[in-house]
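The values are calculated or read from the model by the stated rules, or taken from the named source; none is laboratory data. Quantities reported herein were computed from a predicted structural model and do not represent experimental measurements. So basically every Cβ, Gly included, is an ideal-geometry build from the backbone, and we count neighbours across all protein chains shown. Heavy atoms of the whole protein, side chains included, go into the accessibility calculation; ligands, DNA and RNA do not. Shrake-Rupley method; radii C 1.70, N 1.55, O 1.52, S 1.80 Å.
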Amino acid sequence: MTGTRTLILLRHAKSDYPDGVADHERPLAKRGIREAALAGDWIRENLPPVDAVLCSTATRTRQTLERTGISAPVTFVERLYNATAGIAIEVINGAPEAANTLLVIGHEPVMSSLALSLASLDASDPDVAGQIAMKYPTSAIAVLHTDRHWTQVELRSATLDQFHIPR
């Protein structure tokens, strides 16, 4: 692999809160089903083809992935549920080296802290960083680029340049 890699950080779509269902098992709400599909459409229309997916094991993240229609190889990672930015970076460090475009599907507050932690302060778009710092709503997508191998991704090693909220 040579050149720039694309890292896509997708927060799961809007979830439901059914009585008696544990947080890990909460499904998508009707709005989430629709918005996850919109997220997939936006990713396909605006970004390079996804080569690999790292997805939390929670029901709502799995359903978000399914509704995006993205069919790249998937690794379901328990550590992405209730992760910190540091844990998420460790998971990204284990991504398939052949993947040029990596999609990570997870939860808040880790998605916003991960995007902002990876963003180079000199090269990233400050308006995009400001939007993420204000709110990273369900189905939101942050896009970062890096010239590093996944094993070498660390704090401030990527350029944050897009943030999209599919509605």
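Report, to the nearest 10°, how far helix 30-46 tilts away from the longest principal axis of the Cα atoms in the chain, using its own Cα long axis and a range of 0 to 90°. Tilt relative to the chain: about 20 degrees.
Checking every one of the GluC sites (Glu not before Pro) in region 74-142 against DSSP loop status and a limit of 14 other Cβ atoms within 10 Å picks out 97. Between 39, 123, 95, the residue with the greatest mean-square fluctuation in the GNM of the chain (Cα pairs under 10 Å linked by springs) is 123.
With the full set of protein chains in place, find how many percent of the accessible area of the chain is carbon and sulfur; take the probe as 1.4 Å. Of the solvent-accessible surface of the chain, carbon and sulfur hold 51 percent.
Entry note, region 25-167: relative contact order of 25 percent, from Cα contacts under 8 Å with a spacing of 6+ residues. Working note: Cα atoms of region 68-167, range along each principal axis, descending, whole Å: 32, 29, 24. Taking the three principal axes of the alpha carbon atoms in region 114-155, the coordinate ranges are 28, 23, 13 Å, sorted in descending order.
Among beta bridges from DSSP that stay inside the chain, the antiparallel ones total about 45%.
Largest mean-square fluctuation among 22, 115, 129, in a Gaussian network model of the chain whose springs join Cα atoms under 10 Å apart, belongs to 22. Region 104-120 and region 39-88 have Cα centres separated by 13 Å.
Listed options for Rg and Dmax of the Cα atoms in Å are (1) 33.8, 117; (2) 14.6, 49; (3) 24.5, 94. The value calculated from this structure is the one marked (2). For 111, 134, the ranking by accessible surface with the largest value first comes to 134, 111, using a 1.4 Å probe.
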